[in-house]
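The values are calculated or read from the model by the stated rules, or taken from the named source; none is laboratory data. Every value quoted in this text rests on a predicted model; they were computed, and no experiment measured them. So basically every Cβ, Gly included, is an ideal-geometry build from the backbone, and we count neighbours across all protein chains shown. Each accessible area value is taken on the protein alone, full model and side chains, heavy atoms only, with ligands, DNA and RNA left out. Shrake-Rupley method; radii C 1.70, N 1.55, O 1.52, S 1.80 Å.
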Amino acid sequence: MNQIKVFAPATVANVSCGYDAMGFALSELGDDMVFTKTATKAIRITEIHGADLPFEADKNVVGVVARLMLEDSQVDFGLDIKIHKNFKPGSGLGSSAASAAGTAYAVNQLLESKYDNLQLTKFAMQGEVTACGSAIADNVAACIYGGFILVRSYDPLDIVSIPTPSELVATIIHPQIEIKTEEARKVVPKSIPVKTAIAQWANVGGLISGLYARDFDLIGRSLIDYVAEPERKLLIPHFTNVKEAAMNAGALGVGISGSGPSIFALSKGMFAAKQVAEAMNTIYEKSGIDYIIYVSNISKTGARLI
Ligand code: HSE
């Protein structure tokens, strides 16, 4: 294989209660990238569509992850890379993670699957360091593993795949404003009272239990974030109104997607998810802010060849 094209799904990190610890992958949204082996050892980004990102390989997460992997595997080829971004950086939908994880997956294909998913996640996390200054795993792991994931531990890294009920459908509104993850992380409290921690970890347990048992009411009851959302929602115009409208329209739960500004809802079934989309639209159509609404199944597979 000298040339491959990959799809890297957009992802929803945190899933309300699981700050930095949970995420899931979307079916209907993601980036495409083309990787071509070259005879020189250089890594060149030859095309970028859909976003204003650096072409210099050592400043772009794609180049950073590709370089780490080629050096670690001591191969004597280089890469030409074309990037097609289908959703914007700073969206809260794992844009940098799709670039990093998609690259890790693609380079591994060209290395004949030398690395396992955990190792790919570690490489991709280095891309997140370049993008936002923190080695966060929730978006990249969801992008590599697909479905719902739990980052059970960062040190040592331990990623657990959680079953994804097929009936769950995500509705996402992406207001076209940019929130930098690095900035959004600064507003999350550095410490929380034990009482808050108890409520938060009880919801993570509830969410995971609900996903295993396909208990949609339990999933919905558990989609509550006492840690990041109270501060971060202040950065997102009309968050409270969107959440209320989506819940009234039948969503199981609503929260901030990753570090925002996107807002996600989970619903049981496509019909309910579309009703939620209409409710979100009702709030934003009067806002004067541009926005895109996505309704998507949850992808049980992560980055893949196309
Ligand atoms: N868990 C990370 C955060 C995801 O919420 O900051 C970044 O998209």
Look through segment 281-306, keep the residues that are closer than 24 Å to N139 by Cα and not in a strand (DSSP E or B), and return whichever of them is farthest from the chain's Cα centre (by Cα). I306
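Yes/no per residue for (1) assigned to a loop (DSSP other than H, G, I, E, B); (2) open to solvent by 50 Å² or more (accessible area, probe 1.4 Å); (3) assigned by TED's automatic domain parsing to the domain that holds T282:
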site	(1), (2), (3)
D72	no, yes, no
D76	yes, yes, no
L79	no, no, no
I83	no, no, no
P89	yes, no, no
T121	no, no, no
C143	no, no, no
I179	yes, no, yes
E183	no, yes, yes
Kindly indicate whether N2 is within 27 Å of E229 (Cα to Cα), open to solvent by 10 Å² or more (accessible area, probe 1.4 Å) and either outside the structural domain of D225 (by TED's automatic domain parsing) or touching a residue at least 24 places away in the same chain (Cβ under 8 Å) (or both). no
Pairs needed: first member in segment 184-198, under 27 Å from A131 (Cα atoms) and basic (K, R); second member anywhere, open to solvent by less than 90 Å² (accessible area, probe 1.4 Å) and more than 10 Å from the ligand (Cβ to nearest atom); C-beta distance under 9 Å; at least 6 residues apart or different chains. R185/G133
Yes or no: segment 111-118 includes at least one residue that is within 15 Å of the ligand (Cβ to nearest atom) and either in a helix (DSSP H, G or I) or under 28 Å from G78 (Cβ atoms) (or both). no
Output the residue which, of all residues in segment 15-38 that are within 27 Å of R221 (Cα to Cα) and open to solvent by 10 Å² or more (accessible area, probe 1.4 Å), is nearest to the ligand (Cβ to nearest atom). D20
What are the residues in segment 210-237 that are touching a strand residue (DSSP E or B) at 6+ places or on another chain (Cβ under 8 Å) and outside any helix (DSSP H, G or I), if any? L223, I224, D225, A228, I236, P237
Considering each residue of segment 127-143, count those that are within 10 Å of A97 (Cα to Cα), among the β-branched types (V, I, T) and more than 7 Å from the ligand (Cβ to nearest atom), and give that number. 1
Out of all the residues in segment 227-251, which are surrounded by 20 or more Cβ atoms within 10 Å (Cβ to Cβ), more than 12 Å from I173 (Cα to Cα) and either in contact (Cβ under 8 Å) with a residue 60 or more places away in the chain or within 12 Å of the ligand (Cβ to nearest atom) (or both)? V227, A228, E229, R232, A251
Residues in segment 98-110: is at least one open to solvent by 40 Å² or more (accessible area, probe 1.4 Å) and assigned to a helix (DSSP H, G or I)? yes
Test for P9: is it in a loop (DSSP other than H, G, I, E, B) and either within 16 Å of the ligand (Cβ to nearest atom) or among the β-branched types (V, I, T) (or both): no
Go through segment 276-291 residue by residue and tally those that are among the acidic types (D, E) and in contact with a His (Cβ under 7 Å, 6 or more places away or on another chain). 0
So A51, is it open to solvent by less than 30 Å² (accessible area, probe 1.4 Å), within 15 Å of the ligand (Cβ to nearest atom) and either part of a strand (DSSP E or B) or not polar (S, T, N, Q) (or both): no
Confirm whether K268 is in contact with an Asp or Glu (Cβ under 8 Å, 6 or more places away or on another chain) and either open to solvent by 10 Å² or more (accessible area, probe 1.4 Å) or within 16 Å of the ligand (Cβ to nearest atom) (or both). yes
Scan segment 190-203 and give yes if some residue there is outside the structural domain of A8 (by TED's automatic domain parsing), outside any helix (DSSP H, G or I) and aliphatic (A, V, I, L, M), otherwise no. yes
Going through D138, D158 one at a time, which residue ends up being within 26 Å of A184 (Cβ to Cβ), open to solvent by 40 Å² or more (accessible area, probe 1.4 Å) and either out of contact with any helix residue (DSSP H, G or I) (no Cβ under 9 Å at 6 or more places or on another chain) or modelled with pLDDT of 95 or more (or both)? D158
